Amino acid sequence: MKFSIKLVLSTMIVLALALGFSGFYFVNYVFETSLDREVGQALDESSILSFAFETAALNVPLKYSVLPDSVVEEIASKLEMGGQGGGRLLRIADEEKNILYTSSGFTSDEGLLPQTDLHTKSYRVIRAQDGFYVHTCVAINTLNRILYLETMKDVTGVFTERALGFSLYRKVTVVILLTGIVIMLFIASLLTKPIRLLTKATRKMAAGDYTYRARQVSRDELGQLTGDFNRMANALEENICKLEEEIEAREEFMGAFAHELKTPLTAIIGYADMLRSHKLDEEKSIMSANYIYTEGKRLEAMSFRLLDIIVAKQDEARLMDVPVGELFAYLREMFAEKKEMDIRFVYEEAVVQMEANLIKTVLVNLIDNACKASECSAASKADSTGVVEVTGERVDGGYRIAVRDYGIGIPEEEQAKIVKAFYMVDKSRARSKNGAGLGLALCVEILKIHRSRLQIESKEGEGSCFSFILAL
Ligand code: ADP
């Protein structure tokens, strides 16, 4: 069953119960009040009648020492006729409770007589064939006789009014409930709108539309739920995008890897085939063997790099406090042989958190690339050509190490791509310098372990600066 229908039904049940109980209480209250009033009037009338009876008995001739039955009948008949609308209903009994006089139409039994004595007035509400009556009984003490006067007052109207009241209230309740259903259906539809919108959004997302968002139509809990749902959808979309990018990157990697394998392998197979199927002179044999050796070496270097990247990806950070002086001393020594380059090391002393061997690998790669880029532009450049600056300085948030060269630079559109595995801006030039496009990909993975990022600033023809920040 729909939630809105449940809401309407439960509200209607509560409303019906409330109307039922309040209606019953109200109609019954009015009935009880009217009946009390009627009983009061019946008792008053009974008192007046007994008084009138006593007064009439005083006029009896003096010859009677006790009020005779015939006079009782006579007075009773007069009192009966004196009633409004043609007659009262009354009955007179003597001290032994024998009936002396009964009006025609007085249908009640003698049930009230035994309960009445000289000092009490008694009454009860009874049901006769043609309606409801208040039956009263009172004692009269007159002329040496005790008599009992009973009256019957018709109160059928009060009961009819109650029945009418209930019937009217039932009709009103039905009308209120029907109107209530229409209003509640409208309210329930308004209240459940956020749920409907959320359901629609969930279905759209399940069908693959991750950009669809639920419209927020209220600020209550359901509105908050919609907000949370949309935030969850944003996170989901972001993760799916990341996943798709990762899959794409993996496919690109596989394609590039296969391509990078193919080039040296083609050369190796070609030269090996030439060696085994032709009789070559010594010079050509040595040249072929040389190609096979260098291409094999390139493959070996590539496989080592790949292994390094895989290891770096899986590595946990084992960072230690290392004085940067040690790092720079190692680099200075390492590149001391490279006489054709002017590599300058300028740094501020500090103790930096790092895995020293991994950071050395990063810097060796960056300095190597800087040297290659400088050599490439050596012909066209004058003073700053051949200069590579390796600097270390304290900055906000850590210690920045940068490698700057004044070489060929990198075109802007290539800058984001060069960190991808196997990506080379100029493939033939990179290969001629034994590059495989894996160095920067390895640097990125190592820096990830250090919770750092490789930043690239470069201008084509002017040089590049590769930098990263480590924690102090
Ligand atoms: P490799 O140097 O082995 O080719 P890298 O991943 O280190 O691979 O570099 C990828 C590419 O980025 C290089 O082929 C080169 O085209 C470009 N590159 C890297 N460093 C520099 C630099 N300092 N100046 C110009 N281009 C660079």
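A compact table of results
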{"read-out": "Solvent-accessible surface ranking, highest first, for H450, H278 at 1.4 angstrom", "value": "H278, H450"}
{"read-out": "Cut-off 15 Å between beta-carbons: net charge of the residues surrounding E245, Lys and Arg +1, Asp and Glu -1", "value": "-3"}
{"read-out": "log10 of Debye I(q)/I(0), alpha-carbon scatterers only, for the chain at 0.09, 0.11, 0.12 Å⁻¹", "value": "-0.86, -0.99, -1.09"}
{"read-out": "Dipole axis of the range 253-327 (+1 Lys, Arg; -1 Asp, Glu on Cβ), positive-most option in I310, V324, I269", "value": "I269"}
{"read-out": "Cβ-derived FRET efficiency at R0 41 Å, D36 paired with I13, nearest 0.05", "value": "0.75"}
{"read-out": "Within straight-line cross-link reach of K284, aspartates and glutamates at Cα separation under 17 Å, skipping those fewer than 8 residues along the same chain", "value": "D273, E295"}
{"read-out": "Mean Kyte hydropathy of 0.0 or more with a Cα span along the axis of at least 27 Å, helices from DSSP in the chain", "value": "3-58, 156-191, 356-376"}
{"read-out": "Cα centroid separation - the range 82-130 against the range 173-232, whole Å", "value": "71"}
{"read-out": "In Å², nearest 10: area of K459 left accessible to a 1.4 Å probe", "value": "120"}
{"read-out": "Selected from S464, Y64, N230, residue furthest toward positive end of dipole (the chain; charges at beta carbon)", "value": "S464"}
{"read-out": "Around P194: net Lys/Arg minus Asp/Glu count, Cβ-Cβ under 11 Å", "value": "+3"}
{"read-out": "Counted charge near R231, where neighbours are those whose Cβ lies closer than 14 Å (Asp, Glu -1; Lys, Arg +1)", "value": "-2"}
{"read-out": "When the convex hull of its Cα atoms is projected in every direction, mean area for the range 150-219 (nm²)", "value": "8.6"}
{"read-out": "Percent of beta bridges antiparallel (DSSP, the chain, rounded to nearest 5)", "value": "90"}
{"read-out": "Kirkwood hydrodynamic radius over Cα pairs of the range 187-245, then Stokes diffusion coefficient at 10 °C and 1.306 mPa s, in µm²/s", "value": "133"}
{"read-out": "Packing-based ranking, highest mean first, of 60-66, 100-106 given that Cβ atoms within 10 Å are counted", "value": "100-106, 60-66"}
{"read-out": "Size of electric dipole in the chain: Cβ of Lys, Arg +1 and of Asp, Glu -1, about Cα centre, debye, nearest 20", "value": "980"}
{"read-out": "Accessible surface, per residue, of the range 198-280 when the full set of protein chains is kept, probe 1.4 Å, Å²", "value": "75"}
{"read-out": "Rounded to the nearest 10 Å², the accessible area of Y212 at probe 1.4 Å", "value": "60"}
{"read-out": "Within the chain, helix-based [θ] at 222 nm, where runs of 4 or more DSSP H residues each add -39,500 (n - 2.57), nearest 500", "value": "-19500 deg cm²/dmol"}
{"read-out": "Residues of the range 21-102: accessible area per residue with a 1.4 Å probe, Å²", "value": "60"}
{"read-out": "Share of alpha-carbon pairs per 10 Å distance bin for the range 202-356, given as whole %", "value": "8, 16, 17, 20, 17, 13, 6, 2, 1"}
{"read-out": "Rounded percent of accessible protein surface that carbon and sulfur make up, the chain, 1.4 Å probe", "value": "57"}
{"read-out": "Label-to-label distance, nm, for residues given as K63 and R451 (7 Å Cα→Cβ offset)", "value": "13.4"}
{"read-out": "Stretchable slack from M1 to E252, in nm (0.36 nm times residue separation minus alpha-carbon distance)", "value": "85.2 nm"}
{"read-out": "D426, D228, reordered so the largest accessible area comes first (probe 1.4 Å)", "value": "D228, D426"}
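The values are calculated or read from the model by the stated rules, or taken from the named source; none is laboratory data. Everything quoted here is computed from the prediction, not taken from an experiment. Here Cβ is always computed from backbone atoms with ideal geometry, including for glycine, and neighbour counts include all displayed protein chains. All accessible areas refer to the heavy atoms of the entire protein, side chains included, with ligands and DNA or RNA removed. Shrake-Rupley method; radii C 1.70, N 1.55, O 1.52, S 1.80 Å.
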